[in-house]
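Undergrad: Here you go, one structure.
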Amino acid sequence: MQALLDVILPVFLVIGFGYVAVWRGVFSPQGIDALMKFSQNFAIPCLLFSAIATLDLSTSLDIRLLGSFYAGAATGFALGTAGAYFIFKRDIEDSIAIGFCCLFSNSVLLGLAINERAYGADALAGAYAIIAFHSPFCYGLGITAMEIARNRGQSPLVMARGVVRAMFRNVLVLAIMAGFIVNLSGITLPGVLSDGLDLVIRAALPTALFALGGVLIQYKPEGDARVIAMVCAISLLIHPAITFTLGNALSVPTDAYKAAVLTAAMAPGVNGYIFANMYGRAKRVAATSVLVATALTILTAWMWLVALG
């Protein structure tokens, strides 16, 4: 219970403030949209760029860590897509959008915040190592699958162009790539630039959490309840269970192991809805899954914290 009070509830209080502010009319939906654009397009890319640029790649990029996390993520995508297509009889494009919700855990807005509350800022290297590949891996897998489904019968070159074009429009992917370039090249950023980045970075997580609360009020609890239950089960239970099992079997270092499991246990991120909206497929299910799973994370994150000791 103490873990719930000390680690998880402060994060959800900030989300709740955003939700109530929009619900009571203190903050307009247009203001929340602007705040979300600031956090998603500026503050969080600055955070990811700075984190990757200064990450010790020799110690943080542990193949066992990444393998245990992304094996769970890819399995979640496959299970979600197959479940939607074969069990719930959705068409293939809807199924891929639903599978993407099972794939893309909220590693930044919830994952970083809860990991930092649980284990401290010094223990975030494992989380940043995962995040470094999160958007490229998830969008790469989701976009590739969707473009193949949408362009059935066209040449591989046309499909490849669609995948590359969609990837290089994603500002999170671009920020991560820029961070790797700075890291691998050994470039030292000027002090004034680093200080400016630090000012923006400090606003990233609280702003994003507040905006997430304001966005969630726009999502009505509608859609196919059984599909949503499947998304929640895969995201909150199956993905972290696979990471928990593989990480333990592969002897992932303790700090990185805990960060990987806790990150895997996060609800589908807003990116799940963004992906569905981008293709105009399964938007209602994606939106409702984000809302329901985010609320359930209060309990399931606590459960995983207890399991991790």
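Undergrad: Do any trypsin sites (Lys or Arg not before Pro) in region 112-165 lie in a DSSP loop with no more than 10 other beta carbon atoms within 10 Å, and if so, which? Please report the intermediate quantities before stating the final value.
TA: Details: sites: ARG117, ARG150, ARG152, ARG161, ARG165; in loops: ARG152.
Taking region 112-165 and a limit of 10 other Cβ atoms within 10 Å, the loop trypsin sites (Lys or Arg not before Pro) found are ARG152.
Undergrad: Cα-based Rg (one decimal) and Dmax (whole number) for region 185-262, in Å?
TA: That works out to 19.4, 53 Å for Rg and Dmax.
Undergrad: On the full set of protein chains, 1.4 Å probe, figure out the accessible area of MET36 and give it in Å² to the nearest 10.
TA: It works out to around 20 Å².
Undergrad: Could you work out the relative contact order of region 170-309? I mean the mean sequence separation of Cα pairs under 8 Å and 6+ apart, divided by the number of residues, in percent. Display every interim value, and only then the final one.
TA: Numbers: 91 pairs, mean separation 37.4, N = 140.
Computed value for region 170-309: 27 percent relative contact order.
Undergrad: Still on this structure: Across the Cα atoms of the chain, what radius of gyration and what greatest pairwise Cα-Cα distance (Dmax) are found, in Å?
TA: That works out to 18.6, 56 Å for Rg and Dmax.
Undergrad: For region 2-114, evaluate the Debye formula with one uniform point scatterer on each Cα (no solvent term) and list log10 I(q)/I(0) at q = 0.12 Å⁻¹, rounded to two decimals.
TA: -0.71
Undergrad: What length, rounded to one decimal in nm, is gained on full extension from LEU174 through to LEU157, with 0.36 nm per residue of separation minus their alpha-carbon distance?
TA: Values: separation 17, 0.36 × 17 = 6.12 nm, distance 2.25 nm.
That works out to 3.9 nm of additional length.
Undergrad: Please report the spacing between the Cα centers of region 264-306 and region 120-169 in Å, no decimals.
TA: 18 Å
Undergrad: List the residue ranges in the chain for DSSP H helices whose C-alpha atoms run 18 angstrom or more along the long axis and whose Kyte-Doolittle average is 1.0 or above.
TA: Result, helices passing both filters: 9-23, 63-82, 171-185, 191-216, 283-308.
Undergrad: Now a separate question. Assuming a strict under-24 Å limit between Cα atoms, what lysine pair count do you get for the chain once near-sequence pairs (fewer than 8 apart, same chain) are dropped?
TA: Lysine pair count for the chain: 5.
Undergrad: In addition: What FRET efficiency, computed as 1/(1 + (r/R0)^6) with R0 = 22 Å and r the Cβ-Cβ distance, is obtained for ALA34 and ASN277, rounded to the nearest 0.05?
TA: On the way: r = 18 Å, r/R0 = 0.80.
Between ALA34 and ASN277 the formula returns 0.80.
Undergrad: Before rounding to the nearest 500, sum -39500 (n - 2.57) across all DSSP H runs of length at least 4 in the chain and divide by the residue total; then give [θ] at 222 nm in deg cm²/dmol. Show your work: numbers first, answer last.
TA: Numbers: 16 runs with 224 residues, N = 309.
My calculation for the chain gives -23500 deg cm²/dmol from helical runs alone.
The values are calculated or read from the model by the stated rules, or taken from the named source; none is laboratory data. Please read these numbers as outputs of a predicted model, since none were measured by experiment. Cβ sites come from the backbone with ideal geometry, for glycine too, and all protein chains shown count toward neighbours. The accessibility values were calculated without ligands, DNA or RNA, using every heavy atom of the protein model including side chains. Shrake-Rupley method; radii C 1.70, N 1.55, O 1.52, S 1.80 Å.
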